[in-house]
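Here is the structure we will look at, set down as C-alpha coordinates.
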Amino acid sequence: MGRFIAMLRKEFAQLLGDIPILFILFWAFSGNIYVMGHAITSELRNYPVAVLDLARSPASRELVSRLRAPHFKLVGSVSSDAELVHALDAGKAGVGLVIPPDFDRAIAEGKASFQVISDGTLSRTATIAGSHLARIAQDFNRDILQTRGLIVAGIPQVDARLRVAYNPNISNPWFSSLLEMMNVITMVSMLLTAAAMVREKTYGTLEQLLVSPLRPAELFAAKIIPTVVLVLVFSLMALFGVVQGVFGTPIRGSLLLFYSVTVLYTACVASLGLVIAMLARNIAQVMMLLLLIMYPMLMLSGAITPPESMAPWVQYLSLLSPLRYYFDFSYQVLFKGNGLAYVWHDIFGIVVLGALMFGFAVRRFKRLFA
(Lines give C-alpha, C1' and ligand atoms only; values in the text may rest on other atoms or scores of the structure.)
Protein backbone atom coordinates (compact mmCIF):
# COMPACT_ATOMS: atom_id res chain seq x y z
CA MET A 1 0.00 0.00 0.00
CA GLY A 2 2.86 2.33 0.82
CA ARG A 3 4.38 2.00 -2.65
CA PHE A 4 1.01 2.79 -4.24
CA ILE A 5 0.60 5.94 -2.10
CA ALA A 6 4.14 7.02 -3.04
CA MET A 7 3.32 6.57 -6.73
CA LEU A 8 0.11 8.57 -6.29
CA ARG A 9 2.01 11.44 -4.66
CA LYS A 10 4.48 11.45 -7.52
CA GLU A 11 1.68 11.58 -10.13
CA PHE A 12 -0.18 14.38 -8.32
CA ALA A 13 3.03 16.41 -7.92
CA GLN A 14 3.85 15.95 -11.59
CA LEU A 15 0.38 16.92 -12.77
CA LEU A 16 -0.16 19.88 -10.43
CA GLY A 17 3.32 21.19 -11.17
CA ASP A 18 2.61 21.42 -14.90
CA ILE A 19 1.33 25.03 -15.12
CA PRO A 20 0.67 25.05 -18.90
CA ILE A 21 -1.51 21.95 -18.58
CA LEU A 22 -3.47 23.51 -15.72
CA PHE A 23 -4.00 26.67 -17.75
CA ILE A 24 -5.23 24.65 -20.74
CA LEU A 25 -7.62 22.72 -18.47
CA PHE A 26 -8.95 25.96 -17.00
CA TRP A 27 -9.66 27.31 -20.50
CA ALA A 28 -11.16 24.01 -21.70
CA PHE A 29 -13.64 23.86 -18.80
CA SER A 30 -14.54 27.57 -18.86
CA GLY A 31 -13.87 29.69 -21.95
CA ASN A 32 -14.16 26.82 -24.40
CA ILE A 33 -17.54 25.71 -23.03
CA TYR A 34 -18.76 29.33 -23.03
CA VAL A 35 -17.73 29.86 -26.66
CA MET A 36 -19.19 26.56 -27.85
CA GLY A 37 -22.41 27.21 -25.96
CA HIS A 38 -22.94 30.30 -28.10
CA ALA A 39 -21.41 28.96 -31.30
CA ILE A 40 -23.16 25.61 -31.77
CA THR A 41 -26.81 26.21 -32.52
CA SER A 42 -29.50 24.67 -34.70
CA GLU A 43 -31.69 27.77 -34.42
CA LEU A 44 -32.29 29.90 -37.51
CA ARG A 45 -31.13 33.46 -36.81
CA ASN A 46 -31.12 36.35 -39.33
CA TYR A 47 -30.94 34.02 -42.33
CA PRO A 48 -30.39 36.26 -45.41
CA VAL A 49 -33.23 36.39 -47.94
CA ALA A 50 -33.27 38.05 -51.36
CA VAL A 51 -36.69 38.74 -52.92
CA LEU A 52 -37.68 38.89 -56.59
CA ASP A 53 -41.18 40.38 -56.37
CA LEU A 54 -42.65 40.39 -59.89
CA ALA A 55 -46.19 41.10 -58.65
CA ARG A 56 -45.49 44.23 -56.56
CA SER A 57 -48.98 44.03 -55.10
CA PRO A 58 -50.41 44.41 -51.58
CA ALA A 59 -50.58 40.62 -51.20
CA SER A 60 -46.96 40.10 -52.25
CA ARG A 61 -45.78 42.90 -49.95
CA GLU A 62 -47.72 41.31 -47.08
CA LEU A 63 -46.03 37.99 -47.77
CA VAL A 64 -42.55 39.57 -47.88
CA SER A 65 -43.21 41.47 -44.64
CA ARG A 66 -43.55 38.14 -42.82
CA LEU A 67 -39.91 37.29 -43.50
CA ARG A 68 -38.75 39.10 -40.40
CA ALA A 69 -36.47 38.67 -37.40
CA PRO A 70 -35.44 36.67 -35.56
CA HIS A 71 -35.47 33.94 -38.22
CA PHE A 72 -34.96 35.89 -41.44
CA LYS A 73 -33.28 39.08 -42.60
CA LEU A 74 -34.10 40.76 -45.91
CA VAL A 75 -30.87 41.66 -47.66
CA GLY A 76 -32.59 43.41 -50.54
CA SER A 77 -34.81 43.11 -53.57
CA VAL A 78 -33.59 42.03 -56.99
CA SER A 79 -35.08 42.80 -60.36
CA SER A 80 -34.16 39.73 -62.39
CA ASP A 81 -33.41 36.03 -62.18
CA ALA A 82 -29.73 36.72 -62.95
CA GLU A 83 -29.43 39.08 -59.95
CA LEU A 84 -31.07 36.50 -57.71
CA VAL A 85 -28.67 33.77 -58.85
CA HIS A 86 -25.73 36.13 -58.34
CA ALA A 87 -26.88 36.90 -54.77
CA LEU A 88 -27.03 33.17 -54.00
CA ASP A 89 -23.70 32.39 -55.69
CA ALA A 90 -21.93 35.26 -53.92
CA GLY A 91 -23.23 34.16 -50.53
CA LYS A 92 -25.14 37.41 -49.99
CA ALA A 93 -28.37 35.45 -49.61
CA GLY A 94 -29.11 31.95 -48.39
CA VAL A 95 -32.65 31.87 -49.77
CA GLY A 96 -34.23 33.47 -52.82
CA LEU A 97 -37.97 34.16 -52.87
CA VAL A 98 -39.64 34.54 -56.28
CA ILE A 99 -43.22 35.87 -56.38
CA PRO A 100 -44.86 35.51 -59.84
CA PRO A 101 -46.51 38.50 -61.55
CA ASP A 102 -50.01 36.97 -61.38
CA PHE A 103 -49.81 36.33 -57.63
CA ASP A 104 -53.00 38.30 -56.73
CA ARG A 105 -55.07 36.77 -59.51
CA ALA A 106 -53.89 33.29 -58.52
CA ILE A 107 -54.94 33.97 -54.93
CA ALA A 108 -58.41 34.93 -56.13
CA GLU A 109 -58.60 31.69 -58.10
CA GLY A 110 -57.37 29.69 -55.12
CA LYS A 111 -54.16 28.36 -56.69
CA ALA A 112 -51.44 30.83 -55.77
CA SER A 113 -47.84 29.75 -55.38
CA PHE A 114 -44.40 31.24 -54.99
CA GLN A 115 -40.94 29.80 -55.54
CA VAL A 116 -38.20 29.35 -52.96
CA ILE A 117 -34.63 28.80 -54.13
CA SER A 118 -32.36 27.71 -51.28
CA ASP A 119 -28.58 27.41 -51.04
CA GLY A 120 -28.25 23.72 -50.31
CA THR A 121 -24.51 23.74 -49.62
CA LEU A 122 -25.46 24.13 -45.94
CA SER A 123 -28.06 21.39 -46.03
CA ARG A 124 -29.01 21.50 -42.34
CA THR A 125 -29.67 25.24 -42.36
CA ALA A 126 -31.46 25.03 -45.71
CA THR A 127 -33.81 22.37 -44.34
CA ILE A 128 -34.62 24.45 -41.26
CA ALA A 129 -35.18 27.57 -43.41
CA GLY A 130 -37.51 25.58 -45.69
CA SER A 131 -39.56 24.49 -42.68
CA HIS A 132 -39.94 28.08 -41.49
CA LEU A 133 -40.97 29.26 -44.96
CA ALA A 134 -43.55 26.46 -45.21
CA ARG A 135 -45.03 27.59 -41.90
CA ILE A 136 -45.12 31.22 -43.11
CA ALA A 137 -46.95 30.11 -46.28
CA GLN A 138 -49.42 28.11 -44.21
CA ASP A 139 -50.14 31.06 -41.90
CA PHE A 140 -50.48 33.40 -44.90
CA ASN A 141 -52.99 31.02 -46.51
CA ARG A 142 -55.00 30.70 -43.29
CA ASP A 143 -55.18 34.48 -42.89
CA ILE A 144 -56.51 34.85 -46.45
CA LEU A 145 -59.23 32.27 -45.78
CA GLN A 146 -60.20 34.01 -42.55
CA THR A 147 -60.35 37.37 -44.33
CA ARG A 148 -62.75 35.92 -46.89
CA GLY A 149 -64.85 34.27 -44.23
CA LEU A 150 -64.12 30.79 -45.54
CA ILE A 151 -63.15 29.58 -42.07
CA VAL A 152 -66.14 29.64 -39.74
CA ALA A 153 -66.57 28.43 -36.20
CA GLY A 154 -68.90 25.62 -37.20
CA ILE A 155 -66.38 23.79 -39.35
CA PRO A 156 -64.32 21.21 -37.42
CA GLN A 157 -60.64 22.13 -37.22
CA VAL A 158 -57.55 20.54 -35.74
CA ASP A 159 -55.76 22.73 -33.22
CA ALA A 160 -52.28 21.24 -32.80
CA ARG A 161 -50.43 22.64 -29.79
CA LEU A 162 -46.84 21.64 -29.14
CA ARG A 163 -45.78 21.29 -25.53
CA VAL A 164 -42.02 21.14 -25.00
CA ALA A 165 -40.88 19.40 -21.82
CA TYR A 166 -37.61 19.98 -19.94
CA ASN A 167 -36.55 22.87 -22.23
CA PRO A 168 -39.76 24.84 -22.89
CA ASN A 169 -38.01 27.78 -24.60
CA ILE A 170 -35.89 25.40 -26.72
CA SER A 171 -32.79 27.20 -25.52
CA ASN A 172 -29.95 25.71 -27.54
CA PRO A 173 -27.13 26.83 -25.14
CA TRP A 174 -28.60 24.51 -22.47
CA PHE A 175 -27.87 21.58 -24.74
CA SER A 176 -24.67 22.74 -26.44
CA SER A 177 -22.88 23.88 -23.26
CA LEU A 178 -23.58 20.58 -21.48
CA LEU A 179 -22.60 18.67 -24.62
CA GLU A 180 -19.28 20.49 -24.79
CA MET A 181 -18.61 19.90 -21.09
CA MET A 182 -19.03 16.15 -21.63
CA ASN A 183 -16.79 16.27 -24.70
CA VAL A 184 -14.09 18.06 -22.71
CA ILE A 185 -14.36 15.55 -19.85
CA THR A 186 -13.89 12.74 -22.37
CA MET A 187 -10.94 14.24 -24.22
CA VAL A 188 -9.12 15.49 -21.12
CA SER A 189 -9.51 12.14 -19.35
CA MET A 190 -8.00 10.25 -22.26
CA LEU A 191 -5.28 12.80 -22.98
CA LEU A 192 -3.96 13.28 -19.44
CA THR A 193 -3.72 9.56 -18.74
CA ALA A 194 -2.19 8.68 -22.11
CA ALA A 195 0.29 11.56 -21.89
CA ALA A 196 1.34 10.58 -18.35
CA MET A 197 2.05 7.03 -19.46
CA VAL A 198 3.84 7.99 -22.68
CA ARG A 199 5.93 10.49 -20.72
CA GLU A 200 7.35 7.58 -18.76
CA LYS A 201 8.41 5.98 -22.05
CA THR A 202 9.92 9.21 -23.39
CA TYR A 203 11.92 10.01 -20.24
CA GLY A 204 13.08 6.42 -19.86
CA THR A 205 11.57 6.06 -16.39
CA LEU A 206 9.25 3.23 -17.38
CA GLU A 207 12.10 0.75 -16.93
CA GLN A 208 12.53 1.95 -13.35
CA LEU A 209 8.83 1.38 -12.69
CA LEU A 210 9.07 -2.09 -14.18
CA VAL A 211 11.64 -3.17 -11.58
CA SER A 212 9.68 -1.61 -8.72
CA PRO A 213 7.31 -3.68 -6.54
CA LEU A 214 4.30 -2.01 -8.26
CA ARG A 215 2.02 -4.34 -10.13
CA PRO A 216 0.70 -3.17 -13.56
CA ALA A 217 -2.83 -2.67 -12.17
CA GLU A 218 -1.45 -0.48 -9.35
CA LEU A 219 0.65 1.52 -11.80
CA PHE A 220 -2.34 2.16 -14.03
CA ALA A 221 -4.59 3.05 -11.07
CA ALA A 222 -1.98 5.58 -9.95
CA LYS A 223 -2.13 7.14 -13.42
CA ILE A 224 -5.94 7.24 -13.50
CA ILE A 225 -6.77 8.58 -10.00
CA PRO A 226 -5.08 12.04 -10.42
CA THR A 227 -6.92 12.47 -13.72
CA VAL A 228 -10.23 11.59 -12.09
CA VAL A 229 -9.68 14.09 -9.24
CA LEU A 230 -8.60 16.90 -11.55
CA VAL A 231 -11.46 16.35 -13.99
CA LEU A 232 -13.95 16.23 -11.11
CA VAL A 233 -12.75 19.60 -9.75
CA PHE A 234 -12.77 21.33 -13.14
CA SER A 235 -16.13 19.84 -14.15
CA LEU A 236 -17.67 21.24 -10.97
CA MET A 237 -16.36 24.65 -11.99
CA ALA A 238 -17.74 24.17 -15.51
CA LEU A 239 -21.20 22.99 -14.40
CA PHE A 240 -21.85 25.69 -11.82
CA GLY A 241 -19.76 28.48 -13.31
CA VAL A 242 -20.65 28.22 -16.99
CA VAL A 243 -23.42 25.71 -17.77
CA GLN A 244 -25.68 26.87 -14.93
CA GLY A 245 -24.06 30.18 -13.96
CA VAL A 246 -23.82 31.74 -17.43
CA PHE A 247 -26.46 29.93 -19.49
CA GLY A 248 -28.92 29.35 -16.66
CA THR A 249 -29.30 25.65 -17.44
CA PRO A 250 -31.55 24.11 -14.76
CA ILE A 251 -30.22 21.15 -12.80
CA ARG A 252 -33.19 18.99 -11.82
CA GLY A 253 -31.58 15.72 -10.80
CA SER A 254 -29.24 14.42 -8.14
CA LEU A 255 -25.77 15.94 -8.29
CA LEU A 256 -24.46 13.12 -6.10
CA LEU A 257 -25.63 10.56 -8.66
CA PHE A 258 -24.29 12.60 -11.56
CA TYR A 259 -20.81 13.06 -10.11
CA SER A 260 -20.60 9.51 -8.83
CA VAL A 261 -21.16 8.23 -12.35
CA THR A 262 -18.86 10.96 -13.74
CA VAL A 263 -16.08 9.45 -11.62
CA LEU A 264 -16.82 6.03 -13.15
CA TYR A 265 -16.97 7.49 -16.63
CA THR A 266 -13.71 9.41 -16.22
CA ALA A 267 -12.00 6.22 -15.05
CA CYS A 268 -13.53 4.41 -18.04
CA VAL A 269 -12.21 6.80 -20.71
CA ALA A 270 -8.93 7.19 -18.80
CA SER A 271 -8.54 3.43 -19.24
CA LEU A 272 -9.02 4.02 -22.95
CA GLY A 273 -6.21 6.57 -22.66
CA LEU A 274 -4.01 3.82 -21.25
CA VAL A 275 -4.84 1.67 -24.26
CA ILE A 276 -3.77 4.55 -26.50
CA ALA A 277 -0.54 4.87 -24.51
CA MET A 278 0.20 1.18 -25.08
CA LEU A 279 -0.05 1.76 -28.85
CA ALA A 280 1.73 5.13 -29.10
CA ARG A 281 5.43 5.84 -28.85
CA ASN A 282 5.29 9.61 -28.29
CA ILE A 283 2.90 12.49 -27.59
CA ALA A 284 2.38 13.21 -31.30
CA GLN A 285 1.10 9.68 -31.87
CA VAL A 286 -1.11 10.01 -28.79
CA MET A 287 -2.79 13.10 -30.29
CA MET A 288 -3.32 11.39 -33.65
CA LEU A 289 -4.82 8.29 -32.06
CA LEU A 290 -6.95 10.46 -29.78
CA LEU A 291 -8.50 12.25 -32.76
CA LEU A 292 -8.94 8.95 -34.57
CA ILE A 293 -10.95 7.59 -31.62
CA MET A 294 -12.71 10.74 -30.38
CA TYR A 295 -14.62 11.67 -33.53
CA PRO A 296 -16.16 8.23 -34.15
CA MET A 297 -17.11 8.13 -30.47
CA LEU A 298 -18.90 11.47 -30.86
CA MET A 299 -20.63 10.47 -34.09
CA LEU A 300 -21.88 7.25 -32.50
CA SER A 301 -22.91 8.87 -29.22
CA GLY A 302 -26.35 10.05 -30.35
CA ALA A 303 -25.57 13.71 -29.63
CA ILE A 304 -25.58 14.66 -33.32
CA THR A 305 -27.81 11.94 -34.80
CA PRO A 306 -30.28 10.03 -32.59
CA PRO A 307 -29.45 6.30 -32.46
CA GLU A 308 -32.97 5.55 -33.73
CA SER A 309 -32.12 7.39 -36.98
CA MET A 310 -28.95 5.39 -37.60
CA ALA A 311 -28.67 2.30 -39.77
CA PRO A 312 -29.28 -0.89 -37.75
CA TRP A 313 -25.64 -2.01 -37.87
CA VAL A 314 -24.49 1.47 -36.79
CA GLN A 315 -26.89 1.31 -33.84
CA TYR A 316 -25.16 -1.85 -32.64
CA LEU A 317 -21.75 -0.27 -33.26
CA SER A 318 -22.74 2.75 -31.14
CA LEU A 319 -22.96 0.45 -28.11
CA LEU A 320 -19.15 0.47 -28.11
CA SER A 321 -19.05 4.23 -27.53
CA PRO A 322 -18.84 5.20 -23.83
CA LEU A 323 -20.11 8.65 -24.81
CA ARG A 324 -23.48 7.18 -25.81
CA TYR A 325 -24.10 5.95 -22.28
CA TYR A 326 -22.75 9.11 -20.64
CA PHE A 327 -24.78 11.48 -22.84
CA ASP A 328 -27.98 9.57 -22.21
CA PHE A 329 -27.27 9.36 -18.49
CA SER A 330 -26.39 13.06 -18.12
CA TYR A 331 -29.43 14.40 -19.99
CA GLN A 332 -31.79 12.13 -18.11
CA VAL A 333 -30.39 13.06 -14.69
CA LEU A 334 -29.66 16.78 -15.16
CA PHE A 335 -32.54 17.75 -17.45
CA LYS A 336 -35.27 15.28 -16.48
CA GLY A 337 -34.35 14.58 -12.86
CA ASN A 338 -34.49 10.81 -13.39
CA GLY A 339 -33.05 8.40 -10.86
CA LEU A 340 -31.34 5.02 -10.92
CA ALA A 341 -34.45 3.22 -12.17
CA TYR A 342 -34.12 5.02 -15.52
CA VAL A 343 -30.33 5.18 -15.95
CA TRP A 344 -29.00 1.93 -14.49
CA HIS A 345 -28.41 0.46 -17.96
CA ASP A 346 -26.23 3.47 -18.90
CA ILE A 347 -24.18 3.02 -15.71
CA PHE A 348 -23.87 -0.68 -16.46
CA GLY A 349 -22.57 0.06 -19.97
CA ILE A 350 -19.97 2.52 -18.63
CA VAL A 351 -18.75 0.05 -16.00
CA VAL A 352 -18.52 -2.85 -18.47
CA LEU A 353 -16.63 -0.85 -21.10
CA GLY A 354 -14.33 0.63 -18.45
CA ALA A 355 -13.49 -2.80 -17.02
CA LEU A 356 -12.82 -4.22 -20.48
CA MET A 357 -10.52 -1.35 -21.46
CA PHE A 358 -8.64 -1.39 -18.15
CA GLY A 359 -8.18 -5.15 -18.40
CA PHE A 360 -7.00 -4.87 -22.02
CA ALA A 361 -4.47 -2.17 -21.09
CA VAL A 362 -3.05 -4.27 -18.23
CA ARG A 363 -2.80 -7.36 -20.44
CA ARG A 364 -1.19 -5.39 -23.27
CA PHE A 365 1.31 -3.90 -20.80
CA LYS A 366 2.27 -7.33 -19.49
CA ARG A 367 2.77 -8.68 -23.01
CA LEU A 368 4.91 -5.72 -24.06
CA PHE A 369 7.08 -5.43 -20.95
CA ALA A 370 7.00 -8.84 -19.33
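The values are calculated or read from the model by the stated rules, or taken from the named source; none is laboratory data. Treat the numbers as computed from the prediction; the structure is a model and nothing was measured. For neighbour counting, all protein chains shown are included, and Cβ atoms are generated from backbone atoms with ideal geometry for every residue, glycine included. Areas reflect the complete protein model, heavy atoms only, side chains present, ligands, DNA and RNA absent. Shrake-Rupley method; radii C 1.70, N 1.55, O 1.52, S 1.80 Å.
Structure values in brief
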{"item": "Leu239 vs. criteria open to solvent by 10 Å² or more (accessible area, probe 1.4 Å) and of a type outside the set (Val, Ile, Thr)", "result": "no"}
{"item": "Members of segment 314-359 found to be over 26 Å from Ile224 (Cα atoms) and in a helix (DSSP H, G or I), listed by number", "result": "Val314, Gln315, Tyr316, Leu317, Gln332, Phe335, Ala341, Tyr342"}
{"item": "Selected residue [in a helix (DSSP H, G or I), at pLDDT 90 or above, hydrophobic (A, V, I, L, M, F, W, C) and over 22 Å from the mean Cα position of the chain (by Cα)] from Ile293, Ile225", "result": "Ile225"}
{"item": "Segment 108-130, subset part of a loop (DSSP other than H, G, I, E, B) and polar (S, T, N, Q), residue nearest to Asn46 (Cα to Cα)", "result": "Thr121"}
{"item": "Ile251 open to solvent by 40 Å² or more (accessible area, probe 1.4 Å), among the aliphatic types (A, V, I, L, M) and within 27 Å of Ala165 (Cα to Cα)", "result": "yes"}
{"item": "Residue that is touching a helix residue (DSSP H, G or I) at 6+ places or on another chain (Cβ under 6 Å), farther than 24 Å from Gly17 by Cα and at pLDDT below 90, where the choices are Asp139, Asp119, Asp159, Asp143", "result": "Asp119"}
{"item": "Subset of segment 36-61 [under 21 Å from Ile117 (Cβ atoms), open to solvent by 20 Å² or more (accessible area, probe 1.4 Å) and out of contact with any helix residue (DSSP H, G or I) (no Cβ under 6 Å at 6 or more places or on another chain)]", "result": "Arg45, Asn46, Pro48, Leu54, Arg56, Arg61"}
{"item": "Every residue from segment 186-220 that is of a type outside the set (A, V, I, L, M) and either in contact with a Pro (Cβ under 6 Å, 6 or more places away or on another chain) or outside any helix (DSSP H, G or I) (or both)", "result": "Gly204, Thr205, Ser212, Pro213, Arg215"}
{"item": "Of the criteria (1) modelled with pLDDT of 90 or more; (2) more than 20 Å from Val362 (Cβ to Cβ); (3) assigned to a helix (DSSP H, G or I), which one Gly245 fails", "result": "(3)"}
{"item": "Flag for Gly359 being over 20 Å from Thr193 (Cα atoms) and open to solvent by less than 80 Å² (accessible area, probe 1.4 Å)", "result": "no"}
{"item": "Residue within segment 6-24 that is loosely packed, with under 14 Cβ neighbours inside 10 Å and of a type in the set (Phe, Trp, Tyr) present", "result": "yes"}
